[in-house]
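Below: one structure, written as structure tokens.
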Amino acid sequence: MSAASSPSTASGPMSLSTSAGGALARAAGRLPAPGRAAVWSWSVLSAAALLVFLVLLAVTIDVLATRGDFLVRRSELDSVQPWAGAPDEGAPSFGLYLARGLAPLAAHSQGATGWLAQRACAAMPAFAQTDACLLLLSLMLFAVGATCVASLFALDRCAKRFAVGVAATLRRDIHRHAFVLGGSDLAAPGVAGAEQLFGSAAESVRYALARRWKTLPQAPLLLALLVAAALGSHVWLALTALLSAGLLWYVAASQAARARRQRAILGDRAALQMDTLLDGLAHVHVISGYLLEDAPGAPFLETSQRHTQQATEWRQAGTASRLFLQLAVLAVAVALLALLGINVASQRIGMFEAALFASSLCALWLPLQQIASLQAVLDRGEAAAAAVFRYLDRVPDVGQSPSAIHLPRLARQVQFENVTLRDKASHRLLDQVSLALPLRGRVAVLSTDDRALPALAALVARFADPTSGRVLWDGQDVRDATFTSLRRQTALVLQKGLLFSATVAENIACGETRYTEDDVIRAARLVQAYDFIQRLPQGLATPVGRHGLWLDPSEALRIGLARAVLRDPALLIVEEPWEEIDPAAEALVDQALAAAGENRALLILATRLATLRTADRVLFFHEGSLRAEGPHADLVQQNDLYRHVLYLRFNEYGQGPCVVPSRQAG
């Protein structure tokens, strides 16, 4: 079952292409319709509240500037008196109104602003009195500002809550799909694993969606409203400001691109000079041995001066262009302010229009900054979402045939016939491998890379099928067997995921109620684990794993062996710890492996020389091929590469786990 068909993915548009920038949109599509409606509602409310706040602020500035005083010609008194009343002072040619609040705005403004001011003065006489009007405007500013802040807070909470919900859905799908894929990742070492996707990738998607829903559609809507307010205040001034802003943005983008190219060139030159300086230090023994004063080529001081100069230029690249841009922005701002002042002084526009124009342009910074910083977040979220959906869209590498048969318990051997296995990138993990794992045989594996045993384990447990060749279980192709009958006879004790975050008893029984405490104790005794378990603070009830008590590598291995032998598998595959085992515990590990391998086939990825020496046979892999097999002593005598790997890995002067350069390109 793919993730696209799972129940949790039914809501939202799921057909968007992850390769065409649709992975994050596909994740966002999991937000149900009520959630999208809530995001839109709070976005519209917050944008509208901010615009209303700016309008009220401009009205307040107008009232403060005029103090409610204005002159009206005698010919216009008849149209003013219905909502402003009689003038306070008069003359043959005009009437003077004093401290009338919104009345000057109502008298001088055209369109909707003047009409609304007239209606306010007529409906509420307090708006026609300056002191009362200022008090009412202050209360309205507070109420609208609080509404704006509250709606922004609600939008932020909604965006975060919905993003957390989508991330939780993705994590549930990853968890479920990991069980659908089973152990396919054992044969796909280059594919992003479920753990990484469950953690960091899902978190990146959550953060990107929260930022997206917090910014879109609120920021574009607010941007449009502010531009409309500026245009409504003064069309030509607003167009001049917008054209200037567009020109400055173009210049800034061009200068930034030029600065990036210049920094790249200067950075390469500085790095080249640094490499030359380091090369001289790397050959200091040659220089000293030949009694030279300096390395061949340019003198050290000259090279150092060039590096210092180019590094300084690299750090200063773009400084002049940024200074020019800042001066240009300052010049445009001063020019706009001067034009605005000239228009106010010449009474082409009123104080209300000037204040609304200035505040709208200043407020444009908020949505522009949100939109500008959003793209980088969306890019990271898109990459993470694409990785998640590539994983969820993966079809299991293997499937069970409807005519699959029950596999009897292993009686003779597991056999590989000319098996080749390639990963998703077509790299060879195994190449034409033929071998046999006999029942009651102890076979060790030594490999020059860390992919051979996981590949063998994946094939035996049928988490992967061979690219070519066959895996036979007593002569029966495992592809013809049911998963249940095969995997109940196969136990994997690998270092990855060796311990659950649970108690010791739960780690051994895995929560299966068919196993009693006596069964768990019997398995622990068999693999030499019960003695150290008794010394733990709570015995079998002691929590271990990530959130519990730390166990040393030998103890963790023995817990894993107890879990395996409790299920009585016919084939046991064990990966020894890569960390060094305490010498006192080595004998216990040897006894545990010997007991665990009784009456079953045992395959061990050896990380200790003692394991190779005590094995019935050693399989030596290099570049995915089985290069040699046989008893350890024979391979030491007959195979130079095997002897060389032993020296690198197990000699006290060696370098630990060895990596022999591979000649294969895949």
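Just checking, which of 576, 598, 555 is open to solvent by 50 Å² or more (accessible area, probe 1.4 Å) and among the acidic types (Asp, Glu)?
Numbers: 576 fails: open to solvent by 50 Å² or more (accessible area, probe 1.4 Å); 555 fails: open to solvent by 50 Å² or more (accessible area, probe 1.4 Å).
The unique qualifying residue is 598.
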For the range 432-471, which positions are farther than 22 Å from residue 577 by Cα and touching a helix residue (DSSP H, G or I) at 6+ places or on another chain (Cβ under 7 Å)?
462, 463, 464, 465, 466, 471
Looking only at strands (runs of 3 or more DSSP E) that lie completely in the range 520-629, which have at least 1 residues being among the basic types (Lys, Arg)?
617-622
Hey, among 176, 211, which residue is assigned to a helix (DSSP H, G or I), surrounded by fewer than 18 Cβ atoms within 10 Å (Cβ to Cβ) and at pLDDT 85 or above?
176
Residue 321: at pLDDT below 80, among the hydroxyl-bearing types (Ser, Thr, Tyr) and part of a helix (DSSP H, G or I), yes or no?
yes
Could we say that residue 389 is within 18 Å of residue 241 (Cβ to Cβ) and of a type in the set (Phe, Trp, Tyr) here?
no
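Yes/no matrix, rows are residues, columns are (1) free of Cβ contacts under 8 Å to residues at least 40 places away in the same chain; (2) under 30 Å from residue 113 (Cβ atoms):
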{"position": "225", "(1), (2)": "no, yes"}
{"position": "244", "(1), (2)": "no, yes"}
{"position": "253", "(1), (2)": "yes, no"}
{"position": "259", "(1), (2)": "no, no"}
Cβ-Cβ under 6 Å, sequence separation 6+ or interchain: first residue in the range 381-399 and in contact (Cβ under 8 Å) with a residue 12 or more places away in the chain, partner part of a loop (DSSP other than H, G, I, E, B) and among the charged types (D, E, K, R). Which pairs?
398/462; 398/465
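Out of the residues in the range 434-468 that are among the β-branched types (Val, Ile, Thr) and under 39 Å from the mean Cα position of the chain (by Cα), which is surrounded by the fewest Cβ atoms within 10 Å (Cβ to Cβ)?
So the residue we want is 467.
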Just to be sure I understand, how many residues within the range 566-616 are out of contact with any helix residue (DSSP H, G or I) (no Cβ under 9 Å at 6 or more places or on another chain), under 22 Å from residue 649 (Cβ atoms) and touching a residue at least 12 places away in the same chain (Cβ under 8 Å)?
1
So residue 334 fits all but one of (1) more than 36 Å from the chain's Cα centre (by Cα); (2) closer than 23 Å to residue 59 by Cβ; (3) assigned to a helix (DSSP H, G or I); what number is the exception?
(2)
Exactly one condition in (1) open to solvent by 60 Å² or more (accessible area, probe 1.4 Å); (2) within 33 Å of the chain's Cα centre (by Cα) is not met by residue 323; state its number.
(2)
Within the range 126-142, the residues that are surrounded by 14 or more Cβ atoms within 10 Å (Cβ to Cβ) and free of Cβ contacts under 8 Å to residues at least 40 places away in the same chain are 126, 127, 132, 136
Looking at the range 504-525 only, could you name the residues that are of a type outside the set (A, V, I, L, M, F, W, C) and either on the phi > 0 side of the Ramachandran plot or open to solvent by 30 Å² or more (accessible area, probe 1.4 Å) (or both)?
506, 511, 512, 513, 514, 515, 516, 517, 518, 519, 522, 525
Tell me the residue from 402, 396 that is open to solvent by 10 Å² or more (accessible area, probe 1.4 Å), within 38 Å of the chain's Cα centre (by Cα) and not charged (D, E, K, R), please.
396
Picking from 541, 491, 564, which residue would you name as being in contact with a strand residue (DSSP E or B) (Cβ under 9 Å, 6 or more places away or on another chain), open to solvent by 50 Å² or more (accessible area, probe 1.4 Å) and either of a type outside the set (Val, Ile, Thr) or at pLDDT 95 or above (or both)?
541
Residue list for the range 405-419, restricted to those being open to solvent by 10 Å² or more (accessible area, probe 1.4 Å) and β-branched (Val, Ile, Thr):
405
Go through 306, 322 for me and flag whichever is of a type in the set (D, E, K, R) and either under 30 Å from residue 357 (Cβ atoms) or out of contact with any helix residue (DSSP H, G or I) (no Cβ under 8 Å at 6 or more places or on another chain) (or both).
322
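The values are calculated or read from the model by the stated rules, or taken from the named source; none is laboratory data. Note that the structure is a prediction, hence the values are computed from the model and not measured. Note that each Cβ is placed from the backbone with ideal geometry, even for glycine, and that neighbours are counted across all protein chains shown. When the accessible area is computed, the model is the full protein with side chains, heavy atoms only, and any ligands, DNA or RNA have been set aside. Shrake-Rupley method; radii C 1.70, N 1.55, O 1.52, S 1.80 Å.
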